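So the structure is just underneath, and the comments pick up after that.
The values are calculated or read from the model by the stated rules, or taken from the named source; none is laboratory data. The structure presented is a predicted model; accordingly, all values stated were derived computationally and were not measured. Ideal geometry is used to build each Cβ from the backbone, glycine not excepted, and the neighbour counts take in all protein chains shown. In case anyone asks, the SASA skips ligands and DNA or RNA and just uses the protein heavy atoms, side chains included. Shrake-Rupley method; radii C 1.70, N 1.55, O 1.52, S 1.80 Å.
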Amino acid sequence: MNIGVLALQGAFAEHEQMLSKLGVSSFEIRQEKDLKEDFDGLIIPGGESTVQGKLLRELNLFDKIKALIDGGLPVFGTCAGLLLLAKEIENDERVHLATMDITAVRNAYGRQLGSFYIEGEFKGIGKIPMTFIRAPYIGAVREDTEILAETNGHITAARQKNQLVTAFHPELNEDLSVHKFFLEMIAATHKA
Ligand code: GLN
């Protein structure tokens with residue numbers, strides 16, 4: 001298995017470390033030619049969604065990555081990655097890849113609660129560490145989107161078919177279970 005990690009900005013290196021701990025190979029996607037590599041899944045890291053969205057467009061990656069996700073490529077977006085995948089962002093006119101039927105709320109916890117840590121329940125896994133950094137939450141899900149975690153009354157993880165998103169950063173803690181969950185999603189796609 002080989003995973004492409006979007007490496008334009010943000011916390012991509014931490015995702016690569018998680019994958020390597022799980023014995024899975026990964027490579028960085030920085031420019032169009034990187035998409036020629038064979039890969040089974042894509043990770044879009046946290047960082048700044050507006051910056052990543054702008055770079056995706058400028059580097060000619062936007063349409064190709066959107067088409068791959070629409071075509072069924074498994075994708076895991078954390079934090080800014082969630083915002084890039086959302087079809088709607090409640091407090092931002094600009095949407096980006098817009099492949100997932102969720103409405104995200106950007107910088108949803110305000111300034112004071114911008115960053116916090118809790119241990120919360122993730123469906124099918126149990127209690128896991130969750131680090132939030134100026135995080136969004138999911139205000140609403142539609143269609144066949146399944147809610148996987150709710151934190152303080154807000155949706156913070158969800159899945160729709162080949163797409164998995166978390167408002168928190170599993171790559172910033174030692175716990176590997178959400179990455180494992182993503183790898184299992186990929187394995188199930190291969191079997192289907
Ligand atoms: N606040 C950032 C944004 O709007 C997301 C923060 C993060 O990825 N940690 O894109």
Matching option when the condition is assigned to a loop (DSSP other than H, G, I, E, B), within 16 Å of the ligand (Cβ to nearest atom) and modelled with pLDDT of 95 or more, among 77, 46, 53, 72: 46
message: Quick check on residue 119: is it at pLDDT below 95 and either open to solvent by 80 Å² or more (accessible area, probe 1.4 Å) or part of a strand (DSSP E or B) (or both)?
response: no
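Can you pull out every residue in region 1-39 that is in a loop (DSSP other than H, G, I, E, B) and free of Cβ contacts under 8 Å to residues at least 12 places away in the same chain?
Selection gives 23 alone.
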query: Do we have any residue at all in region 43-50 that's of a type outside the set (S, T, N, Q) and over 13 Å from residue 77 (Cα atoms)?
result: no
Residue in region 84-105 that is away from the ligand (no atom under 15 Å from the Cβ) and free of Cβ contacts under 8 Å to residues at least 12 places away in the same chain present: no
query: Name the pairs: first residue in region 143-165 and over 14 Å from residue 100 (Cα atoms) and outside any loop (DSSP other than H, G, I, E, B), second residue of a type in the set (S, T, N, Q) and modelled with pLDDT of 95 or more, Cβ to Cβ under 6 Å, at least 6 apart or on different chains?
result: 149/156
field: Number of the exception - residue 131 against (1) touching a Leu at 6+ places or on another chain (Cβ under 7 Å); (2) open to solvent by less than 10 Å² (accessible area, probe 1.4 Å); (3) among the polar types (S, T, N, Q)
entry: (2)
message: Among the residues that make up region 25-40, is at least one of them closer than 20 Å to residue 175 by Cβ and either open to solvent by less than 10 Å² (accessible area, probe 1.4 Å) or not aromatic (Phe, Trp, Tyr) (or both)?
response: yes
field: Given (1) of a type in the set (A, V, I, L, M, F, W, C); (2) touching a helix residue (DSSP H, G or I) at 6+ places or on another chain (Cβ under 9 Å); (3) not in a loop (DSSP other than H, G, I, E, B), number of the condition residue 97 does not satisfy
entry: (3)
query: What number goes with the only condition from (1) out of contact with any Leu (no Cβ under 7 Å at 6 or more places or on another chain); (2) assigned to a helix (DSSP H, G or I) that residue 65 does not pass?
result: (1)
message: If I filter region 134-157 down to residues being away from the ligand (no atom under 16 Å from the Cβ) and more than 18 Å from residue 181 (Cβ to Cβ), which single residue comes out as least open to solvent (accessible area, probe 1.4 Å)?
response: 140
- prompt: In region 86-116, which residues are out of contact with any Pro (no Cβ under 8 Å at 6 or more places or on another chain), modelled with pLDDT under 95 and open to solvent by less than 50 Å² (accessible area, probe 1.4 Å)?
  reply: 92, 109, 110, 114, 116
